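Participant: I'd like to ask you about the structure that follows.
The values are calculated or read from the model by the stated rules, or taken from the named source; none is laboratory data. All values derive from a computational prediction rather than experimental measurement. Cβ placement follows ideal geometry from the backbone for every residue including glycine, while neighbour counts extend to all protein chains displayed.
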Amino acid sequence: MNLDEATRSRIEQMVRADRVVLFMKGTRSMPQCGFSAATVGILDSLLPDYTTYNVLEDQGVREGIKAYSNWPTIPQLYVDGELMGGCDITKQMFNTGELHQVLGLGEPDRTPPQISISDAAAETIRGALQGNAGMSVHLAIDARWQHAFSLAPAEGHEVKAESNGIVVLMDVASAHKARDLKLDIEDTFQGKAFKVDNPNAPAPVGQMDPAALKARMDAGEPVKLIDVRPADERVRAAIPGSQALEGGGADLIQTLPRDTLLVFYCHTGQRSQAAAEHFRLQGFGNVHNLAGGVDAWSRDVDPQIPRY
C-alpha cells in the first residue's frame with residue numbers, strides 16, 4: 001500500500017500523541033482479537049494509562065499503519081514514537097525484562113510461585129519426558145485463564161517452579177497467576193487428563209435474569225448496571241439508572257472495588273456477555289450478564305420500555 005502524505009502525517013501525530021501508543025483491534029476495555037487482548041493485558045499490568053487506537057473504526061489507519069511501520073499485523077506497540085513490535089515481541093520483551101527497561105520500570109518479579117503437583121500428575125509428566133532429551137515442562141496461563149502444558153526447550157528467561165521432583169517453567173505473567181496452583185489427574189470421557197485447581201482464576205460470569213435483577217435493585221443492593229450498546233440503541237430503549245460503557249464508562253469501572261456487583265446488558269445479551277467476560281478477566285469477581293438483555297427486561301419487568 002502506498003501511503004499518501006495526509007495519512008502519513010495523521011498516523012505520525014497518533015504515534016506521538018502519547019509516550020506509549022497501541023494500535024489494536026477493539027478498545028482497551030473490549031479488545032476484539034486475542035493478540036490485542038494479550039498485549040493490553042501486558043500493558044495493563046505495567047502502566048495505569050496509555051493511548052490506544054481501534055483500527056477497526058478506521059480502515060485508512062488500519063491499512064496505513066502497516067505501511068507506515070512496514071509491519072504487516074495488528075496490534076502494534078509504540079514507545080516514544082518507536083515501533084516495539086506486535087504481540088509476540090511484546091510478550092518476549094515483557095518476559096526478558098526489556099519492556100520494563102524501555103518503560104523505565106523496575107525488573108519484573110521473578111519470584112517462583114508455590115505450586116503442588118500430585119503423585120499421579122508427576123508420574124504422568126515423567127512419562128512424557130522420557131525419550132525427550134533436552135525438553136522441559138512449560139506452563140502458560142493466558143489472558144482467559146486457560147492453562148496449557150507443553151514440552152519445549154528452555155529459553156533461559158523463564159520462572160522456575162518445582163513440586164514433587166518436577167520443574168515447571170513459566171513466563172513472568174503466568175508465574176504471577178500460578179501461585180498456589182494445584183495439579184492432579186482426573187478421568188474424562190477422552191481418558192486421563194490434567195486437572196488444574198487455580199485459586200487465582202476469577203469466578204465465571206453469572207447469568208442474571210431480569211426478575212432477579214429487579215429484586216436486587218428494589219432491595220437497595222448496590223448494583224452497577226452497565227449498558228454496552230452504542231448511543232443510537234440507548235436512545236431507543238434503556239433501563240433507568242444504567243451507565244453507558246462508552247464515553248468514559250469503562251474507565252469508571254476500573255476505579256471500582258474488584259468485588260463490586262457489575263451487571264452488563266445489551267439488546268439480547270450477546271454483546272454484554274463479551275463485555276462482562278472482559279471485566280471478569282480484569283479481576284472483577286462479581287460480574288453478571290443480564291440474560292436476554294433490555295429486550296427481556298421490557299418483556300418481563302417494564303413493558304413501558306420500547307422493544308426493537
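This table checks each residue for (1) surrounded by fewer than 16 Cβ atoms within 10 Å (Cβ to Cβ); (2) within 30 Å of S242 (Cβ to Cβ).
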| site | (1), (2) |
| --- | --- |
| A154 | yes, no |
| E158 | no, no |
| E162 | yes, no |
| I166 | no, no |
| D180 | yes, no |
| E186 | yes, no |
| N198 | no, no |
| A203 | yes, yes |
| D218 | yes, yes |
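Participant: A further question follows. List the pairs whose first member sits in the range 212-237 and is in the same structural domain as C266 (by TED's automatic domain parsing), whose second member is of a type in the set (S, T, Y) and part of a helix (DSSP H, G or I), and whose Cβ atoms are under 6 Å apart, counting only residues at least 6 apart or on separate chains?
Facilitator: V228/S272
Participant: Taking the range 79-115 as the region of interest, how many residues are closer than 19 Å to L139 by Cβ and of a type in the set (S, T, Y)?
Facilitator: Residues that pass the stated criteria total 2.
Participant: Ok, one more. Within the group I42, I74, I117, which residue is among the β-branched types (V, I, T) and in contact with a Gly (Cβ under 8 Å, 6 or more places away or on another chain)?
Facilitator: Values: I42 fails: in contact with a Gly (Cβ under 8 Å, 6 or more places away or on another chain); I117 fails: in contact with a Gly (Cβ under 8 Å, 6 or more places away or on another chain).
Exactly one residue qualifies, and that residue is I74.
Participant: Hey, another quick one. What number of residues in the range 169-214 are basic (K, R) and either at pLDDT below 95 or under 14 Å from T124 (Cβ atoms) (or both)?
Facilitator: Going residue by residue through the range 169-214, those that are basic (K, R) are 177, 179, 182, 192, 195, 214.
Keeping just the survivors that are either at pLDDT below 95 or under 14 Å from T124 (Cβ atoms) (or both) gives 177, 192, 195.
Qualifying residue count, the range 169-214: 3.
Participant: Could you check how many residues of the range 221-238 are acidic (D, E) and surrounded by 13 or more Cβ atoms within 10 Å (Cβ to Cβ)?
Facilitator: Let us first name the residues in the range 221-238 that are acidic (D, E), namely 221, 227, 232-233.
Pick out the ones that are also surrounded by 13 or more Cβ atoms within 10 Å (Cβ to Cβ) and you get 227, 233.
Qualifying residue count for the region: 2.
Participant: Would you mind listing the helices (runs of 4 or more DSSP H) fully within the range 16-127 where at least 1 residues are of a type in the set (S, T, Y) and not assigned by TED's automatic domain parsing to the domain that holds F279? It would help to see each step written out before you state the result.
Facilitator: On the way: elements: 34-46, 59-69, 87-96, 98-102.
By residue number, 34-46, 59-69, 87-96.
Participant: Looking only at residues that are within 23 Å of P202 (Cα to Cα) and among the acidic types (D, E) in the range 245-303, which one is modelled with the lowest pLDDT?
Facilitator: Checking each candidate, the answer is D251.
Participant: Among the candidates S29, S45, single out the residue that is surrounded by fewer than 20 Cβ atoms within 10 Å (Cβ to Cβ) and touching a His at 6+ places or on another chain (Cβ under 7 Å). Walk me through it before giving the result.
Facilitator: Values: S45 fails: touching a His at 6+ places or on another chain (Cβ under 7 Å).
Going through S29, S45 in turn, the sole match is S29.
Participant: With respect to the numbered conditions (1) basic (K, R); (2) buried (at least 20 other Cβ atoms within 10 Å of the Cβ); (3) at pLDDT 95 or above, which one is the sole condition not fulfilled by R19?
Facilitator: (2)
Participant: Mind listing just one residue for me: the one in the range 21-45 that is in contact with a helix residue (DSSP H, G or I) (Cβ under 7 Å, 6 or more places away or on another chain) and aliphatic (A, V, I, L, M) and, of those, farthest from K91 (Cα to Cα)?
Facilitator: Top of the filtered list is M30.
Participant: Moving on. Would you point out which residue out of Y68, Y53, Y78 is within 22 Å of E277 (Cα to Cα) and either at pLDDT 95 or above or more than 16 Å from the chain's Cα centre (by Cα) (or both)? Give the steps one after another, and end with the answer.
Facilitator: On the way: Y68 fails: within 22 Å of E277 (Cα to Cα); Y78 fails: within 22 Å of E277 (Cα to Cα).
After ruling out the rest, the residue left standing is Y53.
Participant: Ok, one more. Go through the range 166-206 and give me each residue that's hydrophobic (A, V, I, L, M, F, W, C), free of Cβ contacts under 8 Å to residues at least 12 places away in the same chain and either out of contact with any Asp or Glu (no Cβ under 7 Å at 6 or more places or on another chain) or closer than 27 Å to A274 by Cβ (or both).
Facilitator: Within the range 166-206, the first condition is being hydrophobic (A, V, I, L, M, F, W, C), and the residues that meet it are 166-170, 172-173, 175, 178, 181, 183, 185, 189, 193-194, 196, 201, 203, 205.
Retained after the next criterion (residues that are free of Cβ contacts under 8 Å to residues at least 12 places away in the same chain): 189, 193.
Listed by number, the list holds a single entry, F189.
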